[in-house]
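Asker: Once you've had a glance at the structure underneath, I'll fire off some questions.
None of the figures in this text is laboratory data; all of them are computed from the coordinates on show. In this text the structure is predicted, and so the values were computed from the model without any measurement. Cβ: placed from backbone, ideal geometry, glycine included. Neighbour counts: every protein chain shown.
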Amino acid sequence: MASDKKNKDKDKNKEKSHKNKDKNKSKSKNPTESVAPKTAREDTDDKKETLEKATPIVSEVRETIECNGETESKSEAEGIQSSVSTGVTWTGPTYFFTQSNTLPPIDIPPDVQTTILTLPVFTTQTNQRVKIDAFFQLIIGSIITAPSFAYTFNIQLYRNSSSIVSIDVVANGYSKPVSIGVFQELPTLTWTDIPPTIGMQKYEICVRRITLGNENHIDSVSVFTRALNAIVFP
């Protein structure tokens, strides 16, 4: 009887040990199953975050290549292209001038060409544009007792002793009060010259008082305030 009881106790202990082993196995399996999906999700989230961070960088690189070419910005590239296509570096215009409003005035004698302004201008390239502007004040004295007067002036612009512009200022049979004897003309001249040579270009304004058949009751002619300007463009 005692041996039977001992055998039964041994069988119960074996069953308990087997159950405990099964429980331990199930416990050891459960953590693995619960952790594995979590780790996979974290890996997926990390990869997604990495891709999202990388996407803007790729986009920025693509925009840089499309807009800027290899290394230069668009504005720099346009500036370089413009400079290469023209072959000229812009340095700005050069300004020359001469002027006077001091006494005494320059007398203009009859039928003699008189230089009233001289301006040396320097060019650095052939066929450069030279913009010229001139102004002067002609003081005309007529015979006070005469009821009318007439005059003709020829004005010429010279470059290196060659005439490039010629204009006439004419007053034909103007009536006037017998008590007034002084009148004035304010001739102006503007011109763009293109000298074919490099170096000094001498510009002159000359006035000729034409008397034969064109002048009547004129006592004197003189030039007071005067100016001659030139701008040389590259």
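Asker: When only Cα pairs under 8 Å and 6 or more residues apart are kept, what is the percent relative contact order across the stretch 134-234?
Answerer: For the stretch 134-234, the relative contact order is 48 percent.
Asker: Here's a follow-up. Given a Förster distance of 22 Å, report the FRET efficiency between residue 162 and residue 125 from their Cβ-Cβ distance, rounded to the nearest 0.05.
Answerer: Calculated transfer efficiency: 0.65.
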